[in-house]
Amino acid sequence: MLSDREFNAAYEKYSRPTYLHIFRILNNEAVAEEILQETFLRFLEKADPGRPGDFRTFLIHISHNLAVDYIK
């Protein structure tokens, strides 16, 4: 599990590009914000602190799946 510092750093660095990815799929600000929150909750539960280079890819993967599930 990530430390608070690691999580905050990842959020600062990746929240904007992750949000934009979600918004491009859904074109809805409110839903994109909700999915962004859910993305980071799942990220916090499952991220491997030993692999920070994979954080962006992992976040995009989570958010993409959540956005597609929302559409279904």
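The values are calculated or read from the model by the stated rules, or taken from the named source; none is laboratory data. The shown structure was predicted, so the numbers you read here are calculated from the model rather than taken from an experiment. Don't worry about glycine lacking a Cβ; one is built from the backbone with ideal geometry, like all the others, and counts go over all protein chains shown. Quick note on the areas: whole protein, heavy atoms, side chains included, nothing else; ligands and nucleic acids left out. Shrake-Rupley method; radii C 1.70, N 1.55, O 1.52, S 1.80 Å.
Here are some notes:
- Residue tally, condition within 18 Å of LYS13 (Cα to Cα) and among the hydroxyl-bearing types (Ser, Thr, Tyr), over the range 45-72: 2
- A single entry from GLU12, GLU34, GLU29, GLU45 fulfils the requirement of being among the acidic types (Asp, Glu) and either touching a strand residue (DSSP E or B) at 6+ places or on another chain (Cβ under 8 Å) or touching a residue at least 12 places away in the same chain (Cβ under 8 Å) (or both): GLU45.
- Residue match in the range 2-22 (condition: surrounded by fewer than 13 Cβ atoms within 10 Å (Cβ to Cβ), among the hydroxyl-bearing types (Ser, Thr, Tyr) and at negative phi): yes
- Any hit, the range 33-42, residues being hydroxyl-bearing (Ser, Thr, Tyr) and not in a helix (DSSP H, G or I): no
- The range 56-67 residues that are in contact (Cβ under 8 Å) with a residue 12 or more places away in the chain, paired with ones that are among the aromatic types (Phe, Trp, Tyr) and open to solvent by 20 Å² or more (accessible area, probe 1.4 Å) (beta carbon under 6 Å, 6 or more apart): ARG56/TYR14; LEU59/TYR14
- Residue satisfying all of: in the range 31-68; open to solvent by 60 Å² or more (accessible area, probe 1.4 Å) and more than 11 Å from the chain's Cα centre (by Cα); modelled with the lowest pLDDT among these: PRO52
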